[in-house]
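Have a look at the structure below before the remarks.
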Amino acid sequence: MQRELPDDVLAEVLRRAAPRALAACRCVCRPWRALIHDRGLLLPRSLAGLFVKYFEPPLAVLFACPSTEPARYRGCHHILGHCNGLLLRHDYVINPATRRRATLPEHPPPRSGMPHYRQDMYLVFDPAVSSHYEVFLVPRVPTRYESDDEVDPEQLPHCEHSVIPDLKVLPFYNHRTVDVVDRATLGSEWPPSSFILNVFSSRTGRWEKRSYARDGEPAGTVADMELGEQWAQRLHAVYWQGSLYVHCECDFAIRISLSSNKYRVIKPPRGIEMCQCPELHLGRSEKGVYCALFDGHIRIWILDDSQDRIEWKLKHYSSGYGLELRSQNWILQNARGRREDDDEAPVDQKVERDPDDDKVEGCFGDDYRILGFHPYKEILFLHNSSLTGLAYHIDDSKLEELGSIHPGYLGDINKGIEASYPYTPCWIGEFPETSKSEERNK
């Protein structure tokens with residue numbers, strides 16, 4: 001067939017195959033494999049759903065629209081992030097589509113002078129450029145904790161998604177405030193002019209220290225960043241066109257350029273009081289890097305770096321009144337909450353709907369939380385207090401009720417959803433640093 005059809009025609013035929021079938025087509029012959037690779041037919045191009053991570057247990061389950069041949073993804077514990085088809089855990093990187101994973105070596109401590117700074121983990125993977133990936137550890141200023149008594153450092157709140165060194169001593173204790181930062185550094189610029197990060201590369205298989213020079217002004221001082229426990233939550237990051245964008249303390253962000261070894265501070269959107277909006281959500285969508293805030297109204301900004309200044313431009317504002325509310329039938333895949341090594345068939349949690357309820361008029365409630373952005377369409381995903389997933393279409397201000405994201409096996413949830421990650425499957429078979437023993441265990 002390959003001899004009878006021109007490459008362009010064959011590529012169009014193969015493009016219409018389901019991802020799993022297309023991945024299998026690479027085994028037909030070398031020309032087919034080369035064509036599939038050269039045309040990027042297995043690169044992430046669609047949204048499979050959202051991996052929704054709960055507080056207890058810390059399981060991430062795929063919330064997705066059912067299809068005629070649904071992909072079956074196992075739930076994953078302790079997920080910290082996603083980038084172009086790969087999921088990040090504290091100890092390894094996993095590709096849910098191919099069920100392959102690679103173990104990460106033990107994390108190095110922060111650089112000298114930052115003994116108590118936590119390091120948040122972020123994944124960078126661009127299969128259009130390389131099958132290799134990188135993991136960044138970005139230091140964050142420790143939070144200041146309130147206490148009436150002497151504090152044992154081991155009892156301070158712990159964030160499982162951050163790499164936090166053991167706290168052996170407290171530099172000082174002042175009234176009801178416990179600080180874990182040396183007094184002498186409180187007036188220092190943050191981030192520093194030379195930002196030294198621990199970075200793991202799958203190409204070398206080891207961690208290394210990389211220095212990124214700051215381009216422009218800092219966000220403030222170390223003292224400005226000590227905000228309290230509300231900033232101990234997970235902050236999002238996105239990879240876009242060769243740069244890693246990280247949401248940081250005080251709602252500022254940094255853009256880390258991987259090619260130039262420079263970084264730049266991005267101030268919060270105008271109209272946002274610093275430190276007052278911990279629900280600001282950073283994400284990637286159709287036209288670049290976005291951020292959104294829900295405070296009874298929806299505000300959405302897009303990052304503009306077309307000139308020398310890099311700033312947020314308000315793209316959309318809606319009070320939510322008079323919305324057209326439509327319904328879909330999304331489900332939780334693997335809703336039973338199996339362990340990752342359980343080979344039992346997944347069980348999907350379905351919700352039946354009355355077709356007469358497909359279109360109603362509604363408005364925003366005051367209990368909505370942001371789940372994330374659609375990476376290829378201008379859609380913002382949210383959920384409400386009853387754990388109903390919703391899709392807000394930015395262009396026409398229409399709201400879709402997707403279905404319940406309450407796993408039945410958890411019963412009554414008190415803490416709810418910790419984080420969520422829009423998932424775009426990558427079917428490239430190669431996966432660096434995957435050991436044969438790990439492959440057999442799959």
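The values are calculated or read from the model by the stated rules, or taken from the named source; none is laboratory data. Keep in mind that what you see is a predicted model, and the values were worked out from it rather than measured. What goes into the accessible areas is simple: the full protein's heavy atoms, side chains included, and nothing from ligands, DNA or RNA. Shrake-Rupley method; radii C 1.70, N 1.55, O 1.52, S 1.80 Å.
Rolling a 1.4 Å probe across all protein chains gives His78 an accessible area of roughly 70 Å².
Less than 5 angstrom separates the built amide H of Ile405 from those of Thr388, Gly389, all sequence-distant by 5 or more or on a different chain. Checking the Cα-Cα distances for Lys53/Lys398; Lys53/Lys377; Lys209/Lys313 against a 31 Å cut-off, the pairs over it are Lys209/Lys313.
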